[in-house]
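Trainee: Here it is: the structure, laid out below.
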Amino acid sequence: DKAMAALRYELSTFVCEGEYREGLSRLVTSYLTNLGKSDASQKALWVSGFYGSGKSHLLKMFAHLWQDTAFSDGATARSLVHGLPEEILESLKELDVASRRSGGRMAASGTLLSGTTDNVRLTILSIILRATGLPEQYAQARFCLWLHDQGKLDTVRKAVESEGKNFERELNNLFVSGS
């Protein structure tokens, strides 16, 4: 609840002008330009800039505008951003149509913290796993995918939770014997 309240505040106070406007426009336009190309590939997006320049904030706002994150009262990310430029709003609507045709969309964003250069692939994978609702750690995510493939993920989750335990927290003890 606190995180959603903070997100709501960030969206409602987001000023989409200047470099933020240019950045959002470039991000959406780049994606839409490559949509439907014969090789069916999308280019990755890389946002760089000086420390404190707003890179993470831009990507956070973009991810929520991309998905049009919904709030419990029916408000959405796009409805909360005041003064969202019409051309960006139209591009996001075009994205909605394209995603319905292709079966949906997902936004994943995160940062590569200093000192993580030894495991860049695992860091990027953890960002993607988190965005899909899976545990960030590879082994735990793989276990959940295996349970899903076996048709037992919901059964195991409910069994763990029926004992008053948090399923995600218990996954962190995946390799620890209970006896």
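The values are calculated or read from the model by the stated rules, or taken from the named source; none is laboratory data. It should be emphasised that the depicted structure is a prediction, and the values quoted were computed from it without experimental measurement. Virtual Cβ from ideal backbone geometry, glycine too; neighbours counted across all protein chains shown. We work out accessible area using only protein heavy atoms, side chains counted, and drop any ligands, DNA or RNA first. Shrake-Rupley method; radii C 1.70, N 1.55, O 1.52, S 1.80 Å.
Trainee: Just to make sure I understand: if all protein chains stay in place, what is the order of ASP73, ASP149, ASP1 by accessible area at 1.4 Å, largest first?
Mentor: Descending order: ASP1, ASP149, ASP73.
Trainee: A follow-up question, please. How much net charge surrounds GLU10 when only other residues with a Cβ under 14 Å from its Cβ are counted (Lys, Arg +1; Asp, Glu -1)?
Mentor: +4
Trainee: Got the relative contact order for the range 120-168 handy, in percent, Cα pairs under 8 Å and 6 or more residues apart?
Mentor: It comes to 20 percent, rounded to a whole number.
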